[in-house]
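Data first, discussion second: the structure below is written as structure tokens.
The values are calculated or read from the model by the stated rules, or taken from the named source; none is laboratory data. Please read these numbers as outputs of a predicted model, since none were measured by experiment. When we count neighbours, we look across all protein chains shown, and the Cβ atoms used for this are built from the backbone with ideal geometry, even at glycine. What goes into the accessible areas is simple: the full protein's heavy atoms, side chains included, and nothing from ligands, DNA or RNA. Shrake-Rupley method; radii C 1.70, N 1.55, O 1.52, S 1.80 Å.
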Amino acid sequence: MGKIGLVNDIFISVNSIDIGRKMLATDGKEHQGRLSYEDGISLALTSFQEAQTSADCELLILSEQAFLEQELHFCHDNDVITRNSLTQAIQDFEDSLRCLKTIGVTALYQAAETTYSTTKNRTQGFPRDIFHQACDAHRTRLSNSLRTPGINMIEKAVLQQRMANMKTAVGSYIEKQKEALAITS
């Protein structure tokens, strides 16, 4: 499946999850709500697994960003803490996508690389730029969500898959960094 189809599936999954949650809280709609919720969670898990299989760091970021944008869309206006967290994550992923454009211009990336001189600003010897920072911050965000009591195991599986996707994205990005900096393993 292509990027557009995968991102579309992510949108559909979040919509189904949201509808399911709302119906679960409505008398007489619980069964339909559970089915919608489970369908959404299942589609999200399958979509995130497919994204990870691609090992395409752009696709991994786009799929996560699409999920977050949909969550933000369905987030209650009064849930300021969650809205701020989602907004920050979305902005970080926008910046990450710009990193992917920069890394594609070897001379530009080689020049930018010199600004990451200290070890705290490097990961495996490579610049710990916004791409790394965004993925690390998001893994922390997802890890914190995993600690929330009451989340069922299938939703935890989706959170764990999303965390794994961030790790895969970083691994793929490091390969791009190696190419841009002409470093062989």
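Descriptive notes on the structure:
- In the range 63-82, of all residues being at pLDDT 95 or above and farther than 23 Å from K156 by Cβ, the one that is least open to solvent (accessible area, probe 1.4 Å) corresponds to V80.
- Output for the range 7-23, where each listed residue is of a type outside the set (G, A, S) and within 20 Å of I154 (Cα to Cα): D9, I10, F11, I12, V14, N15, I17, D18, I19, R21, K22, M23
- Residue in the range 32-44 that is under 18 Å from R139 (Cα atoms) and open to solvent by 40 Å² or more (accessible area, probe 1.4 Å) present: no
- Of the residues making up the range 90-110, those that are open to solvent by 50 Å² or more (accessible area, probe 1.4 Å) and closer than 20 Å to D136 by Cβ are Q91, E94, R98.
- Within the range 141-160, residues that are free of Cβ contacts under 8 Å to residues at least 40 places away in the same chain reach partners that are part of a loop (DSSP other than H, G, I, E, B) and open to solvent by 30 Å² or more (accessible area, probe 1.4 Å) with beta carbons closer than 8 Å, at six or more positions or on different chains, in the pairs S145/I151; L159/I151.
- Looking across T46, T26, one residue alone is modelled with pLDDT under 95, more than 16 Å from N152 (Cβ to Cβ) and among the β-branched types (V, I, T). It is T26.
- So L6, is it modelled with pLDDT of 95 or more and within 20 Å of L72 (Cβ to Cβ): no
- Long-range neighbours under 7 Å by Cβ, at least six apart or interchain, first residue over 19 Å from Y37 (Cβ atoms) within the range 71-99, second open to solvent by less than 70 Å² (accessible area, probe 1.4 Å) and among the small types (G, A, S): D92/A134; D92/A137; F93/A134; D95/A134; S96/A134
- The set of residues from the range 124-150 being more than 17 Å from L97 (Cα to Cα), more than 14 Å from the chain's Cα centre (by Cα) and open to solvent by 40 Å² or more (accessible area, probe 1.4 Å) comprises Q124, G125, N144, R147, T148, P149, G150.
- Pick from the range 51-62, criterion in contact (Cβ under 8 Å) with a residue 12 or more places away in the chain, open to solvent by 30 Å² or more (accessible area, probe 1.4 Å) and in a helix (DSSP H, G or I), ranking: nearest to S13 (Cα to Cα): L62
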